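Novice: Here it is, the structure in full.
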Amino acid sequence: MKRMRAIEDTGQFKGETQTGEGKIIETTFKTTRRFNDHYAAESRRLLNRAGLEKEDRYAGSPPDAASEPNRKGQWTLALALWLVTGLAGVNGYAQRVKNLTTPPNVTLTNSKLTVTGDGFPTFTGTITNGGSITLNGGGVLQIGKGGPELPPTITLTGGGPVTLAGGTILGVQNTAGNYPRLINVNNAISGRGTISTLSSLDNRATINANVASSTLTITDVHITNSGTLQASGGGILTLAGTGVGLSSSVTNTPRAGGQGGSILAGNGSTVNLSKVSVTGGFLDTAGTGVMNATGDVGLSNLTINGSYNVGAGTTTGITGRVRNNGTIAVPRGGTLKGASLINGNKVEAAAGSTVTLSDFNQTGGTTLADGSFQSPRIDVRGGLLTGTGTLTGAVTVAGTFKPGDSGPGVITIVGRYDQMATGRLDEELGGTGVFQFSQTLITGSSSLDGLLKVSLVHGFVPTSSDIFPILEASDGFAGFFSDARPAALGQPGLLHFAGGMFDVNYNVLFDGSPAVTLSNFTPVAAPEPSSLFLLGSGLLGAGTIVGPRRLRKLNGDTPRS
């Protein structure tokens, strides 16, 4: 290996050359003195020895001893490996290398490109990265050209890593106002920094925010993703737009094997979405990873497999069909609206939130509706629907419906309530006051089937005179609970449960509205003392009848037996 001679008082190029190949392993450009014609000629001689070409361009007239204008050089490298650094001021004047332009195609073989400080290399064509590219703090890797030509497509291939250590990948707008396209074929782009102002980014590999408590931001870019956009190791990935409306987008497309691209928040990591639309593929989280909508977001024809949090004061809009196998949380002030949502795990709509959908279908899991939850069709085919908010639409329950959330509560249905044969209504009784027992207020009609389950909570034991209007419907009720059917017309149904027995009265008036009420409570009969003695001594036969049964009447009905 041969060491190149350093020119201490001119542009300084340090590095090693491989004998017979003329390749620079590391090149650093510095200006330590005023750059006059003599030094320029000496630098050109040194550059040419290394296989470089250089064009001198100045902001104004050539420099002289009296003034030192900003140094603006355009360097065309026929080399694979270099280090581009920003420069400190010299004699009070700013000095830096800008617009370092590669030939149409650049190949790095077991090699390294590092951009730091105010270095601004510009790439076009194909970059075959068989080594590594590092963008340090302040370093910018420019993509494209600024001329009037059509925005070029830049292809990044070779499989080598691209590390952002505070640096930026920046699309250069041409004079027609167009930005370039970047195709990442198989390079792992990772770290902290910014990717910005590309017309599009075709990601077929991995872009990973993997520096703890630091952010990798992709702004104002339309991304086609058949790979993975992710945050890991406590890092933060932000996909955002800065323009009007949803000015950024991610379209997840099928990768090899048919599975679509994904956005992933790994354990302990965060993905933030703002002013971005996401179409297709998967939104995934692992462990304690979260995905936050910090601004307005559009979701279309995709699957959520993790924790998705709608931000307070933001709107997440749905087009097409979104399937939820994870958790969607809508806080106070947050809005989830749009087309079709299929819930298979958990939807949490807090008090003060708004959910407005054209269709809601639950196949399993839980929906907590403590806010305003609206859809022409709220179809609970499986799982649990619970809450203390307002449901607007036709509610059909083939799973479980429970007014209240962590205890008894009141829920309002603006529409109708239909309980199917496989459905179940869960009622909790913790007292006789409002909000002490579960209650559903229905502005329309209701048809009943399936099961009624009653539980006594908070140590409460009803009396025989207590009446609980568990359902009220302005337009009345049709049908009966299958486990509390009346024995004859005009009689109440009888509901046996662990705490005792209730009469179930259908279409009775309560405060002027048709209601289903529970009344005439009878606790579980205690065994007679003599029976307890016999049971304790082992002398009671298996067929012996234990204890008498009390008989009661309700409003003159035939007593139950």
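The values are calculated or read from the model by the stated rules, or taken from the named source; none is laboratory data. In this text the structure is predicted, and so the values were computed from the model without any measurement. Backbone-built Cβ (ideal geometry, glycine too); neighbour counts: all protein chains shown.
Novice: Just for the stretch 357-411: of the residues that are among the acidic types (Asp, Glu) and without any contact (Cβ under 8 Å) to a residue 24 or more places away in the chain, which one is nearest to Val330 (Cα to Cα)? Walk me through it before giving the result.
Specialist: Start the filter on the stretch 357-411 by keeping residues that are among the acidic types (Asp, Glu), which leaves 359, 370, 379, 405.
From what is left, the residues that are without any contact (Cβ under 8 Å) to a residue 24 or more places away in the chain are 359, 379.
Numbers: Asp359: 17, Asp379: 19 Å.
Filtering first and then ranking leaves Asp359.
Novice: Which one is nearest to Val414 (Cα to Cα), of the residues in the stretch 348-395 that are β-branched (Val, Ile, Thr) and crowded, with 20+ Cβ neighbours inside 10 Å? Walk me through it before giving the result.
Specialist: Just the residues of the stretch 348-395 that are β-branched (Val, Ile, Thr), to begin with: 354-356, 363, 366-367, 378, 380, 386, 388, 390, 392, 395.
Retained after the next criterion (residues that are crowded, with 20+ Cβ neighbours inside 10 Å): 355, 366-367, 378, 380, 386, 388, 395.
Values: Val355: 14, Thr366: 20, Thr367: 17, Ile378: 12, Val380: 16, Thr386: 15, Thr388: 13, Val395: 9 Å.
The extreme case among them is Val395.
Novice: Hey, another quick one. Could you check Thr219 against (1) buried (at least 22 other Cβ atoms within 10 Å of the Cβ); (2) within 20 Å of the chain's Cα centre (by Cα); (3) closer than 16 Å to Gln142 by Cβ and say which number it fails?
Specialist: That leaves (1) as the condition not met.
Novice: Quick one: in the stretch 385-402, of everything that is part of a strand (DSSP E or B), within 18 Å of Phe481 (Cβ to Cβ) and not basic (Lys, Arg), which residue is nearest to the chain's Cα centre (by Cα)?
Specialist: Within the stretch 385-402, the subset part of a strand (DSSP E or B) is 385-387, 390-397, 400-402.
Subsequent filtering for residues that are within 18 Å of Phe481 (Cβ to Cβ) retains 385, 395-397, 400-402.
Filter once more, keeping what is not basic (Lys, Arg): 385, 395-397, 400-401.
Working: Leu385: 23, Val395: 28, Thr396: 29, Val397: 28, Thr400: 28, Phe401: 28 Å.
Filtering first and then ranking leaves Leu385.
Novice: So, in the stretch 406-440, of the ones that are among the hydroxyl-bearing types (Ser, Thr, Tyr) and part of a loop (DSSP other than H, G, I, E, B), which residue ends up modelled with the lowest pLDDT?
Specialist: Out of the qualifying residues, it is Ser406.
Novice: Here's something else I'd like to know. Going through Ala205, Ala188 one at a time, which residue ends up being touching a Pro at 6+ places or on another chain (Cβ under 6 Å), without any contact (Cβ under 8 Å) to a residue 40 or more places away in the chain and not basic (Lys, Arg)? Walk me through how you get there before you give the answer.
Specialist: On the way: Ala205 fails: touching a Pro at 6+ places or on another chain (Cβ under 6 Å).
Only one candidate passes the filter, namely Ala188.
Novice: Which residues, taken from the stretch 254-275, are modelled with pLDDT of 95 or more and part of a loop (DSSP other than H, G, I, E, B)? Please lay out each step first, then the result.
Specialist: Narrowing the stretch 254-275 to residues modelled with pLDDT of 95 or more: 262-275.
If the condition is that a residue be modelled with pLDDT of 95 or more and part of a loop (DSSP other than H, G, I, E, B), then Gly266, Asn267, Gly268, Ser269, Lys275 are the ones that fit.
Novice: While we're looking at this one, here's another question. Any idea which residue in the stretch 450-473 is surrounded by the fewest Cβ atoms within 10 Å (Cβ to Cβ), counting only those that are part of a loop (DSSP other than H, G, I, E, B) and within 45 Å of the chain's Cα centre (by Cα)? Outline the logic, then answer.
Specialist: Step one: of the stretch 450-473, the residues part of a loop (DSSP other than H, G, I, E, B) are 450, 457-467.
Imposing the further condition that a residue be within 45 Å of the chain's Cα centre (by Cα) reduces the set to 450, 457-460.
On the way: Gly450: 21, Val457: 15, His458: 11, Gly459: 7, Phe460: 16.
Step by step, filter the stretch 450-473, then rank; the result is Gly459.
Novice: Answer yes or no: is there a residue in the stretch 310-318 that is under 10 Å from the mean Cα position of the chain (by Cα) and crowded, with 21+ Cβ neighbours inside 10 Å. Break it down into steps so the answer makes sense when it comes.
Specialist: Restricting attention to the stretch 310-318, the residues satisfying the condition of being under 10 Å from the mean Cα position of the chain (by Cα) are 310.
Still in the running and crowded, with 21+ Cβ neighbours inside 10 Å: 310.
Checked the stretch 310-318: at least one residue is under 10 Å from the mean Cα position of the chain (by Cα) and crowded, with 21+ Cβ neighbours inside 10 Å.
Novice: Considering only the stretch 242-263, state which residues are farther than 20 Å from Arg321 by Cα and not charged (D, E, K, R). Talk me through it step by step, then tell me what you get.
Specialist: Keep residues of the stretch 242-263 that are farther than 20 Å from Arg321 by Cα, which gives 242-245, 247-248, 255-257.
Selection gives Thr242, Gly243, Val244, Gly245, Ser247, Ser248, Ala256, Gly257.
Novice: Enumerate the strands (runs of 3 or more DSSP E) found wholly within the stretch 121-229, keeping only those where 1 or more residues are among the basic types (Lys, Arg).
Specialist: Values: elements: 121-123, 126-136, 140-143, 153-157, 162-171, 181-184, 188-196, 200-203, 206-209, 215-219, 222-225.
Correct list: 181-184, 188-196.
Novice: Name the strands (runs of 3 or more DSSP E) wholly inside the stretch 276-369 in which the number of residues that are at negative phi and hydroxyl-bearing (Ser, Thr, Tyr) is 3 or more. It would help to see each step written out before you state the result.
Specialist: On the way: elements: 276-279, 282-285, 290-293, 297-304, 307-310, 315-324, 327-330, 335-343, 346-349, 354-362, 366-369.
Passing ranges, in order: 315-324, 354-362.
Novice: On the phi > 0 side of the Ramachandran plot and assigned to a loop (DSSP other than H, G, I, E, B): does that describe Gly243? Spell out how you get there, then give the answer.
Specialist: Working: on the phi > 0 side of the Ramachandran plot: no; assigned to a loop (DSSP other than H, G, I, E, B): yes.
Spelling it out, it is not the case that Gly243 is on the phi > 0 side of the Ramachandran plot and assigned to a loop (DSSP other than H, G, I, E, B).
Novice: From the list Gly326, Gly364, exactly one residue is farther than 24 Å from Asp449 by Cα and not assigned by TED's automatic domain parsing to the domain that holds Ile470. Which is it? Please lay out each step first, then the result.
Specialist: Numbers: Gly364 fails: farther than 24 Å from Asp449 by Cα.
Only one candidate qualifies: Gly326.
Novice: Restricting to the stretch 429-442, count the residues that are surrounded by fewer than 21 Cβ atoms within 10 Å (Cβ to Cβ) and touching a residue at least 24 places away in the same chain (Cβ under 8 Å). Write out each step before concluding.
Specialist: The first filter runs over the stretch 429-442 and keeps only residues surrounded by fewer than 21 Cβ atoms within 10 Å (Cβ to Cβ), leaving 430-436, 441.
Retained after the next criterion (residues that are touching a residue at least 24 places away in the same chain (Cβ under 8 Å)): 430-432, 434-436, 441.
Within the stretch 429-442, residues that are surrounded by fewer than 21 Cβ atoms within 10 Å (Cβ to Cβ) and touching a residue at least 24 places away in the same chain (Cβ under 8 Å) number 7.
Novice: For a quick check of your reading of the model, give me the residue pairs whose first member lies in the stretch 462-484 and is more than 11 Å from Ser447 (Cβ to Cβ) and free of Cβ contacts under 8 Å to residues at least 60 places away in the same chain, whose second is among the charged types (D, E, K, R) and surrounded by fewer than 16 Cβ atoms within 10 Å (Cβ to Cβ), with beta-carbon atoms closer than 9 Å and at least 6 apart or on different chains.
Specialist: Between residues of the stretch 462-484 that are more than 11 Å from Ser447 (Cβ to Cβ) and free of Cβ contacts under 8 Å to residues at least 60 places away in the same chain and residues that are among the charged types (D, E, K, R) and surrounded by fewer than 16 Cβ atoms within 10 Å (Cβ to Cβ), the close pairs are Pro469/Asp511; Glu472/Asp511.
Novice: Now a separate question. Determine which member of the set Gly261, Gly338 is over 13 Å from the mean Cα position of the chain (by Cα) and either in the same structural domain as Gly387 (by TED's automatic domain parsing) or over 26 Å from Gly383 (Cβ atoms) (or both). Steps first, please.
Specialist: Working: Gly338 fails: either in the same structural domain as Gly387 (by TED's automatic domain parsing) or over 26 Å from Gly383 (Cβ atoms) (or both).
Of the residues listed, the single one that is over 13 Å from the mean Cα position of the chain (by Cα) and either in the same structural domain as Gly387 (by TED's automatic domain parsing) or over 26 Å from Gly383 (Cβ atoms) (or both) is Gly261.
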